[in-house]
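Q: Pasting a structure here, questions to come.
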Amino acid sequence: MNIVIVTDAWHPQVNGVVRTLEMTANVLRDWGHDVTFLTPQSFRTVPLPTYPDIRISLFPRRKVFRILDAANADAVHIATEGTLGWAARAWCMKREVAFTTSYHTQFPEYLRARFPLAPVSLAYAWLRRFHAPAKRTLVPTPTQQRRLQEHGFRNVAVWSRGVDTELFRPCGKAALDRLPRPVSLYLGRVSVEKNLEDFLRLPLPGSKVVIGDGPDRERLQQAYPDAHFPGYKFGDDLARHLSAADVFVFPSRTDTFGLVLLEAMACGVPVAAYPVTGPVDVVRNGINGALNENLETAIHAALGLAGRNARAHAMRYSWDACTADFLNHLRNPGDGLPSGEPLRVSTR
């Protein structure tokens, strides 16, 4: 199949959306499919207000139409609800092309976290309008599927996630051996919607480590000088730092999945989190991690768990299985198409 994936989230962003799309595309190409990304790198962009790491494509509609007209794609997948996503959606609807979308970010909850008076109901109405014409809206977990259905979304299907268990593996504790133990570690974007202060303000023994960067890093470093902020880590260096932790702390209440949960578990590190969307689908409480509305209680419980159980659970999540789900949704979008028939694009 010739597949076009449209995404407003792309490099230099470092997040689960970009990693998921890249890994899925790599597997698809290994299987002989052609995958083309339509990203902000092809457009003039400006930084998103209050979030300069994210750049928004300016007036992309005309160029998006030209690119998609020339693509001769068998399937179009729109991964995000930004300006590129809206332009691609408009093209699909004007050309009467079936398409799929995915829901990676709980945008209404993120908006509320950044702007407490923001109306969540209006944000969900905007998102429903965006996804309504899609033949499938793909979400990473059954919990997120039910959540969207409760908000009036239709044709919601599960597209799970994977983890590279060859890269993310137990590597010993040497990378953080200079820090007092136990080491409680967070990996991800350093921003208000990740709820990091619930972690950083806890009176925990040992050390706290925050790997990553974002708009709130400077403020949090000043507010919590006892925590360590080494910035971004990549590849084997990231795996070594993850493996060196004693517990992985995930304080977010707004993620749809939390790919970092699987990466930590693959490194043999148990997870502590709230019992919310994402963790409840990935963490087996008392086995590979601990879920509790009291995050401090969850951390202490996770510290007593065996890392081998976390690793064993992560081994169940492969990018091959994740990609097979994705491909099946492209080939079986519903609306009367026979099973196995791809979404054919007409550019009449």
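Q: Take residue 87 and decide whether it is more than 29 Å from residue 264 (Cβ to Cβ), in contact with a Pro (Cβ under 9 Å, 6 or more places away or on another chain) and buried (at least 18 other Cβ atoms within 10 Å of the Cβ). Before the answer, list the steps.
A: Details: more than 29 Å from residue 264 (Cβ to Cβ): yes; in contact with a Pro (Cβ under 9 Å, 6 or more places away or on another chain): yes; buried (at least 18 other Cβ atoms within 10 Å of the Cβ): yes.
Criteria met by residue 87.
Q: Hey, any hits in the stretch 63-76 for a residue that's at pLDDT 95 or above, open to solvent by 30 Å² or more (accessible area, probe 1.4 Å) and of a type in the set (Asp, Glu)?
A: Yes, there is a match, as at least one residue in the stretch 63-76 is at pLDDT 95 or above, open to solvent by 30 Å² or more (accessible area, probe 1.4 Å) and of a type in the set (Asp, Glu).
Q: Scan the stretch 92-111 for residues that are farther than 13 Å from residue 130 by Cα and assigned to a helix (DSSP H, G or I) and jot them down.
A: If we filter the stretch 92-111 for residues that are farther than 13 Å from residue 130 by Cα, which is where we start, we get 94-98, 104-106, 108-111.
Answer for the stretch 92-111, where residues must be farther than 13 Å from residue 130 by Cα and assigned to a helix (DSSP H, G or I): 94, 95, 108, 109, 110, 111.
Q: With the structure loaded, tell me whether residue 232 is open to solvent by 20 Å² or more (accessible area, probe 1.4 Å), more than 18 Å from residue 177 (Cα to Cα) and within 17 Å of the chain's Cα centre (by Cα) or whether it fails that test.
A: Values: open to solvent by 20 Å² or more (accessible area, probe 1.4 Å): yes; more than 18 Å from residue 177 (Cα to Cα): yes; within 17 Å of the chain's Cα centre (by Cα): yes.
Yes.
Q: Something else about it: Among the residues of the stretch 136-151, what is the count of those that are more than 20 Å from the chain's Cα centre (by Cα) and open to solvent by less than 50 Å² (accessible area, probe 1.4 Å)?
A: The first filter runs over the stretch 136-151 and keeps only residues more than 20 Å from the chain's Cα centre (by Cα), leaving 150-151.
If we keep only those that are open to solvent by less than 50 Å² (accessible area, probe 1.4 Å) too, we end up with none.
So the answer is 0.
Q: Hey, can you tell me all the residues within the stretch 161-175 that are part of a loop (DSSP other than H, G, I, E, B) and surrounded by fewer than 22 Cβ atoms within 10 Å (Cβ to Cβ)?
A: From the stretch 161-175, those part of a loop (DSSP other than H, G, I, E, B) are 161-173; that's our starting set.
Listed by number, the residues that qualify are 164, 165, 166, 167, 169, 170, 171, 172, 173.
Q: Restricted to the stretch 18-53, and to residues that are in contact with an Asp or Glu (Cβ under 8 Å, 6 or more places away or on another chain) and hydrophobic (A, V, I, L, M, F, W, C), which residue is least open to solvent (accessible area, probe 1.4 Å)?
A: Checked the stretch 18-53; the qualifying residue least open to solvent (accessible area, probe 1.4 Å) is 27.
Q: Of the residues that make up the stretch 203-226, is at least one modelled with pLDDT under 95, of a type in the set (A, V, I, L, M, F, W, C) and in a helix (DSSP H, G or I)?
A: No.
Q: Which one of the conditions (1) at pLDDT below 95; (2) among the polar types (S, T, N, Q); (3) open to solvent by less than 40 Å² (accessible area, probe 1.4 Å) does residue 80 fail to meet, given that it meets all the rest?
A: It fails just one condition, (1).
Q: Output the residues belonging to the stretch 1-17 that are open to solvent by less than 30 Å² (accessible area, probe 1.4 Å) and under 14 Å from residue 263 (Cβ atoms). It would help to see each step written out before you state the result.
A: Going through the stretch 1-17, the residues open to solvent by less than 30 Å² (accessible area, probe 1.4 Å) turn out to be 3-10, 13, 15-17.
Scanning the stretch 1-17 gives 15, 16.
Yes/no matrix, rows are residues, columns are (1) free of Cβ contacts under 8 Å to residues at least 12 places away in the same chain; (2) surrounded by fewer than 24 Cβ atoms within 10 Å (Cβ to Cβ); (3) within 20 Å of residue 203 (Cα to Cα):
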position	(1), (2), (3)
268	no, yes, no
275	no, yes, no
278	no, no, no
281	no, yes, no
288	no, no, no
291	no, yes, yes
294	yes, yes, yes
304	yes, yes, yes
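Q: While we're here: Report the residue count in the stretch 176-213 for those that are over 22 Å from residue 53 (Cα atoms) and open to solvent by less than 20 Å² (accessible area, probe 1.4 Å). Walk me through it before giving the result.
A: Taking the stretch 176-213 as the starting set, the residues that turn out to be over 22 Å from residue 53 (Cα atoms) are 176-185, 198-208.
Keeping just the survivors that are open to solvent by less than 20 Å² (accessible area, probe 1.4 Å) gives 176, 183-185, 199-200, 207-208.
Within the stretch 176-213, residues that are over 22 Å from residue 53 (Cα atoms) and open to solvent by less than 20 Å² (accessible area, probe 1.4 Å) number 8.
Q: Being open to solvent by 50 Å² or more (accessible area, probe 1.4 Å), touching a residue at least 12 places away in the same chain (Cβ under 8 Å) and either under 14 Å from residue 251 (Cβ atoms) or charged (D, E, K, R) (or both) is the filter here, so list the residues in the stretch 218-229 that pass it. Before you say what the answer is, go through the steps one by one.
A: Just the residues of the stretch 218-229 that are open to solvent by 50 Å² or more (accessible area, probe 1.4 Å), to begin with: 218-219, 221-223, 225-226, 228.
If we keep only those that are touching a residue at least 12 places away in the same chain (Cβ under 8 Å) too, we end up with 223, 226, 228.
Selection gives 226 alone.
Q: Being β-branched (Val, Ile, Thr) and modelled with pLDDT of 95 or more is the filter here, so list the residues in the stretch 1-16 that pass it.
A: At the first step, the residues of the stretch 1-16 found to be β-branched (Val, Ile, Thr) are 3-7, 14.
Result: 3, 4, 5, 6, 7.
Q: What are the residues in the stretch 253-306 that are part of a helix (DSSP H, G or I) and among the small types (Gly, Ala, Ser), if any?
A: Initially, the stretch 253-306 is screened for residues part of a helix (DSSP H, G or I), giving 259-266, 279-282, 295-303.
Passing the criteria: 264, 266, 298, 301, 302.
Every residue, every condition in (1) touching a Pro at 6+ places or on another chain (Cβ under 9 Å); (2) basic (Lys, Arg), yes or no:
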{"position": "23", "(1), (2)": "no, no"}
{"position": "26", "(1), (2)": "no, no"}
{"position": "31", "(1), (2)": "no, no"}
{"position": "35", "(1), (2)": "no, no"}
{"position": "44", "(1), (2)": "yes, yes"}
{"position": "50", "(1), (2)": "yes, no"}
{"position": "54", "(1), (2)": "yes, no"}
{"position": "59", "(1), (2)": "no, no"}
{"position": "63", "(1), (2)": "no, yes"}
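Q: Out of the residues in the stretch 46-58 meeting the condition of being touching a residue at least 24 places away in the same chain (Cβ under 8 Å) and not in a strand (DSSP E or B), tell me which one is nearest to residue 1 (Cα to Cα).
A: First, pick out the residues of the stretch 46-58 that are touching a residue at least 24 places away in the same chain (Cβ under 8 Å): 50-54, 56-58.
Filter once more, so that each one left must be not in a strand (DSSP E or B): 50, 58.
Numbers: 50: 39, 58: 30 Å.
The extreme case among them is 58.
The values are calculated or read from the model by the stated rules, or taken from the named source; none is laboratory data. Just so we're clear, the structure is a prediction, and the values are computed from it rather than from any experiment. All Cβ positions, glycine included, derive from the backbone under ideal geometry; neighbour counts span all protein chains shown. Areas reflect the complete protein model, heavy atoms only, side chains present, ligands, DNA and RNA absent. Shrake-Rupley method; radii C 1.70, N 1.55, O 1.52, S 1.80 Å.
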